[in-house]
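Participant: Handing you this structure, nothing more for now.
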Amino acid sequence: MCGIVGYIGQNQAAPILIEGLKKLEYRGYDSSGIAVQNHGLCVIKTKGRLADLEQKVNEVGGVEGSVGIGHTRWATHGAPSDLNSHPHSSMNGRISVVHNGIIENYLPLKAELEEKGYHFVSDTDTEVIAQLFDAYYNGDMVDTLIQVIGKIRGSYALGILCSEKPDEMIAVRKDSPMLVGLSEEGNFIASDIPALLEYTKDYYLLNDNEIVVLKKDSIKILDLQKNEIQKEVYHVTWDLSAAEKGGYDYFMMKEIMEQPKSFQATISPRIVDGEIHLDDIKYTDEDIQKIHRIHMVACGSAWHAAIVGKYVIEDYARIPVEVDLASEFRYRNPILDKDDICIVISQSGETADTLAALREAKRQGIRILSIVNVVGSSIARESDDVLYTWAGPEIAVATTKGYSTQVALMYLIALKFAQARGKLSDGQVHALVEEIQNIPAKIEQLLALQDELKALADANANAKDVFVIGRGIDYAVALESSLKLKEISYIHSEAYAAGELKHGTISLIEEGTLVIAIATQDALYEKLLSNVKEVKARGAYVLALAKEGNTEIEKVADKVIYIPQIHDKFTASLDVIPMQIFSYYTAVARGCDVDMPRNLAKSVTVE
Ligand code: F6R
């Protein structure tokens, strides 16, 4: 979503802010701006891309000053416009604020301020913070911020400048990510690591309502009682090249191609001599035996990974698994037993609904195991146990390697839990682990189908509606495939459990409708063939996915893509690859911005 960068140091702030914001472009945005201390606060902001902001900065001959805040906005309150862009300022120009999140009670606060004579120029909730800060300002930024925090309700990561304190910048967060970077040449705030990487790899993570006071050569972190807090310095273990395109046209293709490596990186530290060791979590065999039910919560593709997990865990470990959309779980008053556990899945570790679902499960006293890609993210920090997916930074809005590595951990959890509960023998687990270890090589084989998939995508790029069907785990992959296609190509697409089509949706199939049939479950192959015949009889054009050797399907489908032979339970890891590539080339053929689809953001930190 929105991005924040702040800098205070020896160098010119404006170029650092703009470069930092460029590294956050992937999060999705519609406008941007900066405020720099320059004998008063100089604010430049605009609707549009960062190139538009750069142009505006150049038009005024650049902005001198070594203290500044910058922002990329993803509109929530008020349409994208110059006035609604951040930074927002107090009426007198004394205060400038950048904000990620949503202030829920901004309307009554705005009314109070208007009564006091404050005029507002934007439709945003953030402008209220700037004006409120100004109204309370007593010469001390921290005291003032504490008062502001006492009044506002909602989620926020804030960077604040005051023209009367040209050598100081303050920041705070609640339910929205914020990092503090430290370097010899100055200090930083940022909503995500890539913004800092060019300057530093050392950073602090802020907890909710910790206030940071930055000067050019010092950083102080305080609680709401103004007690100083000592923090551990984190060190980023990957470098800038991991967050760059590396010769690919889009991050999405780079990330698709990285999947063998990220799958391997996620499983290999956890497999020793054919045994699964989830040493990063504190579950004993007795803990696993006691589990009564697993609740999985997640959003979007992570929810699709959870559905794969349900099939695999229930089948192998025989533990009932309920999968909930996090946005539903948090409000449906779920029934949780003390011996239940909650598995929370999130690439970013910052998704607002998923974090809220985690908190609901925690409030009801059950143990939280999270599967997260971003080290030190909010979900990771609030969980009892964390299994990291070692996918590396994922920049494209549409997840690929994030999803694949989540699915990889589903397999390891299923087998580990099954073994601990005596549902699989050591020998069975060894054989299945070997299958999992062969997956990266099989993904490589599928990545080589680029040309064939591009041709298919080009031929079908004008499709109006696409239906993706499958049964069992193939249905879980159909959900993910359909989302991938629609989110980046804007073609309407729906996933259906193949057996469910004739209960309504089949009426939408007409001459030439594209149906993608995922037919990679040996146990359900015949059934799926019947479903393909049903749609063919209504004129559908069928593109099928099947396992090598299962050629029967060629008699009914128009085109078949084969995946290497693999155990039914692990097909998701292979099926998804051609579907990602097909979606990618469809979006390219339609001239879409693959990495930043319209209206979407990488990490959804608002409800
Ligand atoms: C789709 C996609 C989203 C995310 C969802 C959850 O390609 O990326 O559906 O999966 O927003 O995000 P995380 O995993 O960060 O919680």
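The values are calculated or read from the model by the stated rules, or taken from the named source; none is laboratory data. Since the structure is predicted, the reported quantities are computational estimates derived from the model, not experimental observations. FYI the Cβ positions are ideal-geometry reconstructions off the backbone, even for glycines, and counts take in every protein chain you see.
Participant: Are there any pairs, at least 6 apart or on different chains, whose C-beta atoms fall under 9 Å, with the first in segment 95-123 and within 30 Å of Asp353 (Cα to Cα) and the second of a type in the set (Phe, Trp, Tyr) and buried (at least 21 other Cβ atoms within 10 Å of the Cβ), and if so, which?
Facilitator: So the pair list comes out as Val97/Phe133; His99/Tyr156; Asn100/Trp74; Asn100/Tyr156; Gly101/Tyr156; Ile102/Tyr156; Ile103/Tyr156.
Participant: Sticking with this structure for a sec: Which one of the conditions (1) more than 30 Å from the chain's Cα centre (by Cα); (2) under 30 Å from Gly392 (Cα atoms) does Ile189 fail to meet, given that it meets all the rest?
Facilitator: The number of the failed condition is (1).
Participant: Go over the candidates Lys527, Lys569, Lys533, Lys602 one by one and state the one that is buried (at least 24 other Cβ atoms within 10 Å of the Cβ) and among the charged types (D, E, K, R).
Facilitator: Numbers: Lys527 fails: buried (at least 24 other Cβ atoms within 10 Å of the Cβ); Lys569 fails: buried (at least 24 other Cβ atoms within 10 Å of the Cβ); Lys533 fails: buried (at least 24 other Cβ atoms within 10 Å of the Cβ).
Among Lys527, Lys569, Lys533, Lys602, only Lys602 is buried (at least 24 other Cβ atoms within 10 Å of the Cβ) and among the charged types (D, E, K, R).
Participant: Sticking with this structure for a sec: Of the conditions (1) hydrophobic (A, V, I, L, M, F, W, C); (2) at pLDDT 95 or above; (3) within 20 Å of Gln264 (Cβ to Cβ), Ile366 clears all except one; give me its number.
Facilitator: Status for Ile366: all satisfied but (3).
Participant: Going through segment 467-510 one residue at a time, which ones are closer than 19 Å to Thr586 by Cβ, more than 16 Å from the ligand (Cβ to nearest atom) and touching a Lys or Arg at 6+ places or on another chain (Cβ under 8 Å)?
Facilitator: Of everything in segment 467-510, just one residue is closer than 19 Å to Thr586 by Cβ, more than 16 Å from the ligand (Cβ to nearest atom) and touching a Lys or Arg at 6+ places or on another chain (Cβ under 8 Å), namely His492.
Participant: Another question about this same structure. Only one of these conditions is not met by Ala352: (1) more than 8 Å from the ligand (Cβ to nearest atom); (2) in contact with a Phe, Trp or Tyr (Cβ under 8 Å, 6 or more places away or on another chain). Which number is it?
Facilitator: If we test Ala352 against (1) more than 8 Å from the ligand (Cβ to nearest atom); (2) in contact with a Phe, Trp or Tyr (Cβ under 8 Å, 6 or more places away or on another chain), just (2) comes out false.
Participant: Given the structure, is Val576 in contact with a Phe, Trp or Tyr (Cβ under 8 Å, 6 or more places away or on another chain), closer than 30 Å to Gln428 by Cβ and β-branched (Val, Ile, Thr)?
Facilitator: Values: in contact with a Phe, Trp or Tyr (Cβ under 8 Å, 6 or more places away or on another chain): yes; closer than 30 Å to Gln428 by Cβ: yes; β-branched (Val, Ile, Thr): yes.
Yes: the conditions hold for Val576.
Participant: Further, regarding this structure: Output the residues belonging to segment 312-340 that are among the aromatic types (Phe, Trp, Tyr) and either within 14 Å of the ligand (Cβ to nearest atom) or surrounded by fewer than 22 Cβ atoms within 10 Å (Cβ to Cβ) (or both).
Facilitator: Correct list: Phe329, Tyr331.
Participant: Can you pull out every residue in segment 136-155 that is assigned to a helix (DSSP H, G or I) and either buried (at least 20 other Cβ atoms within 10 Å of the Cβ) or touching a strand residue (DSSP E or B) at 6+ places or on another chain (Cβ under 9 Å) (or both)?
Facilitator: Passing the criteria: Met141, Val142, Thr144, Leu145, Ile146, Val148, Ile149.
Participant: Still on this model: Among the residues of segment 231-262, write down those that are closer than 18 Å to Tyr403 by Cβ, assigned to a helix (DSSP H, G or I) and in contact with a Lys or Arg (Cβ under 8 Å, 6 or more places away or on another chain).
Facilitator: Phe251, Lys254, Glu255, Ile256, Gln259, Ser262
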